[in-house]
Amino acid sequence: MKLLFITDPLENFAIYKDTTFAMMREAQQRGHTIAVCQPKEVMWVSGSVVKAQVCDIVLTGQQDAWFSVQQQRSAALADFDAILMRKDPPFDSEYFYATHLLEQAEREGAKVFNKPGALRDHPEKLAIMEFAQFIGPTLVTRNADDVRRFHEEHHDIILKPLDGMGGMGIFRVGPDGMNLGSIIETLNQGGAQSLMVQKFLPEIVDGDKRVLIIGGKPVPYSLARIPQGSEVRGNLAAGGKGVAQPLSARDYEIAHALGPILHSRGLLLAGVDVIGDYVTEINVTSPTCFQEIQQQAGCDVAALFIDALEEACSAKKA
């Protein structure tokens with residue numbers, strides 16, 4: 001297959017842990033060809049089709065110069081067998097516009113994973129609202145009084161922006177309410193921006209588990225991201241320690257309930273974050289943790305993903 005990865009700059013990849021790199025490596029090992037571009041290199045002009053300035057690359061197997069550019073060219077997105085949208089959050093206006101360009105490419109025959117419309121319809125913090133039976137006490141608001149009432153009821157809470165990633169902008173406020181007003185002002189910008197508030201889950205000491213769902217089916221291992229020291233955030237980007245572990249019965253219950261629904265909407269890959277028994281987020285833009293799980297548990301997640309990608313592309317051709 002001819003694959004196009006839409007990514008952040010390759011020069012910024014930390015290939016020892018990067019999931020997109022793991023996908024590329026597995027794809028190349030199977031004989032698939034790889035092209036890459038950034039969202040800013042995708043364009044459309046009336047009377048034509050959605051195109052991009054792409055680089056055809058080969059992975060070298062080296063640690064530093066890990067890819068070699070074979071050629072740069074303009075290509076129609078519909079000419080690829082599969083397009084993988086792997087741009088990291090934030091889901092800002094430019095990401096939103098990119099999904100519309102990709103949706104036009106779909107109308108022209110392109111096969112995009114994850115499906116652009118599904119990316120728009122499943123914002124990673126808010127997608128949990130549909131599955132309230134699996135979440136803990138949660139509030140979404142831009143009103144400061146709503147937040148204060150939530151704190152009065154639950155006493156120990158987590159506040160976070162709706163467009164954050166990697167643990168950015170997450171605050172914990174305990175029963176004393178220390179700095180609650182200042183934190184609300186910081187996050188809601190005087191009532192101009194919505195934020196999410198959740199009851200603090202003490203099970204975070206055992207990790208914020210990333211449960212991966214590929215083709216509607218759960219990967220049998222999660223990566224528990226465990227906060228270190230006095231940190232409340234388990235995110236790897238915030239210094240959390242990743243520990244691969246088999247899915248629990250509750251993890252399977254959640255994955256079997258959410259997986260088929262998400263897959264039916266065009267989400268080939270999703271990362272469901274679970275603390276204790278509760279879902280806290282559903283990640284669909286560029287879920288990670290492939291390499292950590294493979295390195296620690298021996299489960300080849302990249303192979304499972306490329307299997308699902310090949311199957312999805314074959315089904316579309318049929």
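Screening the candidates P175, P202 for the property of being within 26 Å of the chain's Cα centre (by Cα), farther than 20 Å from N283 by Cα and surrounded by fewer than 19 Cβ atoms within 10 Å (Cβ to Cβ) yields one hit, P202.
Which residues, taken from the range 1-25, are free of Cβ contacts under 8 Å to residues at least 24 places away in the same chain and within 21 Å of V301 (Cβ to Cβ)? The one that is free of Cβ contacts under 8 Å to residues at least 24 places away in the same chain and within 21 Å of V301 (Cβ to Cβ): A14.
Scanning the range 12-33 for residues that are of a type outside the set (S, T, N, Q) and in contact with a Lys or Arg (Cβ under 8 Å, 6 or more places away or on another chain) returns M23, H32. Condition check for G181 on (1) small (G, A, S); (2) on the phi < 0 side of the Ramachandran plot; (3) surrounded by 15 or more Cβ atoms within 10 Å (Cβ to Cβ): one failure, at (3). Counted as qualifying within the range 1-89 are the strands (runs of 3 or more DSSP E) with 2 or more residues that are under 28 Å from L212 (Cα atoms) and either out of contact with any helix residue (DSSP H, G or I) (no Cβ under 6 Å at 6 or more places or on another chain) or of a type in the set (V, I, T) (or both), namely 2-6, 33-37, 51-59, 82-85. Whenever a residue of the range 103-119 is under 16 Å from D81 (Cβ atoms), its partners that are surrounded by fewer than 17 Cβ atoms within 10 Å (Cβ to Cβ) and of a type in the set (F, W, Y), lying with C-beta atoms within less than 9 angstrom and at least six residues away or across chains, give the pairs A105/W44. Of the residues making up the range 90-141, those that are over 15 Å from the mean Cα position of the chain (by Cα), at pLDDT below 95 and not in a helix (DSSP H, G or I) number 0. Note on the range 186-208: residues that are farther than 23 Å from D277 by Cβ and touching a helix residue (DSSP H, G or I) at 6+ places or on another chain (Cβ under 8 Å) amount to 5. Whenever a residue of the range 163-182 is in the same structural domain as F150 (by TED's automatic domain parsing) and of a type in the set (A, V, I, L, M), its partners that are in a loop (DSSP other than H, G, I, E, B) and surrounded by 12 or more Cβ atoms within 10 Å (Cβ to Cβ), lying with C-beta atoms within less than 6 angstrom and at least six residues away or across chains, give the pairs M165/P89; I170/R233.
Considering the range 40-71, the residues that are touching a Cys at 6+ places or on another chain (Cβ under 8 Å) and loosely packed, with under 12 Cβ neighbours inside 10 Å include one that is farthest from L10 (Cα to Cα), namely Q71.
Out of all the residues in the range 26-39, which are in contact (Cβ under 8 Å) with a residue 12 or more places away in the chain and surrounded by fewer than 20 Cβ atoms within 10 Å (Cβ to Cβ)? Correct list: Q28, R30, H32, T33, Q38, P39.
So that you can scan it fast, the table gives a plain yes or no per residue for (1) outside any loop (DSSP other than H, G, I, E, B); (2) surrounded by fewer than 19 Cβ atoms within 10 Å (Cβ to Cβ); (3) modelled with pLDDT of 95 or more; (4) assigned by TED's automatic domain parsing to the domain that holds G164:
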{"position": "Q193", "(1), (2), (3), (4)": "no, yes, no, yes"}
{"position": "V211", "(1), (2), (3), (4)": "yes, no, yes, no"}
{"position": "S222", "(1), (2), (3), (4)": "yes, no, yes, no"}
{"position": "S230", "(1), (2), (3), (4)": "no, yes, no, no"}
{"position": "V243", "(1), (2), (3), (4)": "yes, yes, yes, no"}
{"position": "R250", "(1), (2), (3), (4)": "yes, yes, yes, no"}
{"position": "A255", "(1), (2), (3), (4)": "yes, no, yes, no"}
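Of the residues A303, A312, A297, the single one that is closer than 22 Å to A257 by Cβ and modelled with pLDDT of 95 or more is A312.
Scanning the range 275-293 for residues that are outside any loop (DSSP other than H, G, I, E, B) and either touching a helix residue (DSSP H, G or I) at 6+ places or on another chain (Cβ under 6 Å) or within 15 Å of N114 (Cα to Cα) (or both) yields a total of 7.
Could you please find all residues in the range 263-283 being within 14 Å of P202 (Cβ to Cβ) and surrounded by fewer than 21 Cβ atoms within 10 Å (Cβ to Cβ)? G276, D277, Y278, listed by residue number.
The values are calculated or read from the model by the stated rules, or taken from the named source; none is laboratory data. All values derive from a computational prediction rather than experimental measurement. Every residue, glycine as well, gets a Cβ built from its backbone with ideal geometry; the counts of neighbours run over all protein chains shown.
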